[in-house]
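Undergrad: I have a structure here, written as structure tokens, and I will follow up with some questions on it.
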Amino acid sequence: MKSILLVSIFLGLLNTYGIAQIITFDKSINSGPITQVIQTDDGGYLLNCVGEMYPFQPKFIKTDQYGYILWEKDYPEIYNPGKIMCKTLDGGYAVVGYKSFTSQNICLIKLNQNLDILWSKTYAQVNGQAIIQ
């Protein structure tokens, strides 16, 4: 009876402490606010930031798997990206924002894996609905 109780306590402690998460890295990155982080196919990370020079334009920072910055890119073509960036099936990315500071036109930008612009489309809003221009 005592051995069953001791084994149960041991398994309970092993389950609690044996499956702890390990911190791979802890980095500080000097940038504007980071609104989104996406893990890339190579194990690194893509950070969606608010630009420093143009505070309402997106800035993307690519890091390796240990958090070291590989490169940074700014996009003056799009304004106020918010938190809307997603990975596409071809390994690239899609980003949504407004076309300009005063415009309510929605801008969709398709980027490749290196975040080069492949194409962009602008959609006008009419009664809360987006239509292609």
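The values are calculated or read from the model by the stated rules, or taken from the named source; none is laboratory data. What you see is a predicted model, and the numbers here were worked out from it, not measured in a lab. Backbone-built Cβ (ideal geometry, glycine too); neighbour counts: all protein chains shown. Remember, those area values only see protein heavy atoms, side chains included, never the ligands or the DNA or RNA. Shrake-Rupley method; radii C 1.70, N 1.55, O 1.52, S 1.80 Å.
Undergrad: Filter segment 97-133 for residues that are on the phi > 0 side of the Ramachandran plot and at pLDDT below 65; which is most open to solvent (accessible area, probe 1.4 Å)?
TA: In this case the residue turns out to be N127.
Undergrad: What pairs come up if the first residue lies in segment 77-96 and is at pLDDT below 85, the second is open to solvent by 70 Å² or more (accessible area, probe 1.4 Å) and not in a strand (DSSP E or B), and their beta carbons are under 7 Å apart, counting only those six or more places apart or on different chains?
TA: Matching pairs, first to second residue: Y79/F56; Y79/K99; Y79/F101; N80/F56; V95/I84; V96/I84.
Undergrad: Another question, if that's okay. Filter segment 37-72 for residues that are modelled with pLDDT under 85, open to solvent by 40 Å² or more (accessible area, probe 1.4 Å) and not aliphatic (A, V, I, L, M) and give the result.
TA: The answer is E52, Y54, P55, F56.
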